[in-house]
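What follows is calculated from the coordinates using simple rules that are stated; it is not laboratory data. Predicted model, so just to flag it, every value in this text is computed and none were measured. So basically every Cβ, Gly included, is an ideal-geometry build from the backbone, and we count neighbours across all protein chains shown.
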């Protein structure tokens, strides 16, 4: 929910030196062996049966192979290393995953003849026994009466985007009594706070369908919400939050028609309220097989007070609340929304399973997104990955229309390159904090690109989200094809930054050369598609001997990795970058 602002930012310095200065090295362009030709790419439809797998589990792939040549093969790669290479002889086939846990792989369906290669389809495979290591969060927000076929269509679509956890948004009845019971039996239909009909059967169907794809399901609720007249359901006045120290005025979030009630706040640190909600959650878990609790808040409320008149800092209540709920249901997962980072430090130190930030002002630039993810890494001592709820084209979503494709992809490039994930996909794509808002649609180019971006996040998760440390890199362009600038992101440049992962140097290049705004949300949809840069000569300064260089991009050949030829003279490594559109990842192995 959109409320409150907090201006706390930890700026992590990531330096990238050099801005188009011609290198003094004696290396000539003709000294660099030409890279292999870029394969042609068909972008055929391919799917897996689940979003993630255990080690040594079988993956079932499916695609229409009617147009594939008899020479078609599929190779399975970990980063840029081919693990196996076999013929494709049917429209479905299986692959047994390796025994190592928490790794991402890429499957590439291809053929080669006369030294020319065609890639027909690519798809990533996540081998992770627990989704919380690499959370890729989606949502559901509409629960009318739906058939199995309608439910399976939504879940099947999210499966292709590798969404491994789902937030069930506004699925409940009253915030203080989420699942209405008639005696000991759940009601078959109830109203949510905006007076929509919610069907128990639909919620149940979605949970079952999600589990069949190995997606986890999280029920959404505020940690302190109560409707008007909640005392009739056992909520005590002494549990509430007040705007004065004489318990005269209860704090509440004002909602007008068609909403059925204002939302009154209860004190998360009050043991009686904690136990009340624990009991209500047990009713939920008894009748619906949710995997955990997605906790929400309303941001910074300002000065607030307990019933006894003592000052209440709501941000300090989050950690003990989370820990108490987790202790009561230790097998259930927990994540909590930090609205504009409010209370995130305590949340990170709690037993929450990963971190989630709903991004509002003043965090409006691409650089702010990177800072938020890195701040969360610091808060959690690099033990918990981050999901950002960052709503695109916010003003456009007031009316029917389309998302701006470049603004969405540029935002994802920044979030993914810095190791985060983006909450954006459900029955539709998000443009507002009220998740059922579906005014904006995705054009076909955005739908296609998001599939590849999703594959990229999974296939290279061990470089993007599995440890490592951002570091200083020196990379220059010597042929005037790109102006390389240090991160923080700047219009008119290619922003570069590095990350050291074990014995590997990762270099990210994000193309802001002709960007029209550095505001990631791009409220009115003015962001321009990046200019395509081809065959740019780059020089990396490296004191260590380079063994191998390769690159991958979600913009080219389905995210497949490919080797780069290079020449190293002293500490200068010269190579040609085949192309850059939104985002390239260059990997240097020492």
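For this structure, a couple of remarks:
- Each peptide in 121-127, 576-582 gets a packing score, the mean of other Cβ atoms within 10 Å over its residues, and the list from highest to lowest is 121-127, 576-582.
- Using a simple spin-label model with pseudo-atoms 7 Å out from Cα toward Cβ, residue 433 and residue 316 lie 2.5 nm apart.
- Take every DSSP beta bridge whose two residues both sit in the chain; close to 70 percent of them are antiparallel.
- Taking packing as the residue-averaged number of other Cβ atoms within 10 angstrom, the listed peptides 444-451, 273-280, 145-152 run from highest to lowest as 273-280, 444-451, 145-152.
- Of all DSSP bridge pairs formed entirely within the stretch 54-202, close to 90 percent run antiparallel.
- For the stretch 304-418, the square roots of the Cα gyration tensor eigenvalues, ordered a ≥ b ≥ c, give a/c of at least 1.5 with a/b greater than b/c, which places it in the prolate category.
- For Rg/Rh (Cα atoms, Kirkwood Rh), calculated from these coordinates, the label among [x] 0.95; [y] 0.99; [z] 1.03: [y]
- Virtual paramagnetic centre 7 Å along Cα→Cβ of residue 327, amide N under 16 Å, in the stretch 264-308: 268-279
- Bridge orientation summary for the stretch 136-332: considering DSSP beta bridges with both residues in this region, about 55 percent are antiparallel.
- Distance between the modelled labels on residue 571 and residue 181, one decimal in nanometres: 6.9 nm (7 Å Cα→Cβ projection).
- Residue separation of residue 83 and residue 282 scaled by 0.36 nm, minus their Cα-Cα distance, works out to 67.1 nm of gained length.
- As a length-normalised measure over Cα pairs under 8 Å and 6 or more apart, the relative contact order of the stretch 416-479 settles at 35 percent.
- Between the stretch 85-133 and the stretch 232-280, the Cα center-to-center distance that results, in Å: 51 Å
- 12 Å cut-off, amide nitrogen to a point 7 angstrom out along residue 238 Cα→Cβ, residues in the stretch 300-341: 307-308
- Highest mean packing first, where packing is the average number of other Cβ atoms within 10 Å per residue, the peptides 63-72, 527-536, 44-53 line up as 44-53, 527-536, 63-72.
- Cα→Cβ-extended label distance, 7 Å offset, between residue 532 and residue 275, nm: 6.7 nm
- Residues in the stretch 432-448 reached by a label modelled at residue 44 [backbone nitrogen below 20 Å; 7 Å Cα→Cβ]: 448
- Using a Förster distance of 45 Å, the FRET efficiency for residue 245-residue 204 (Cβ separation, nearest 0.05): 0.50
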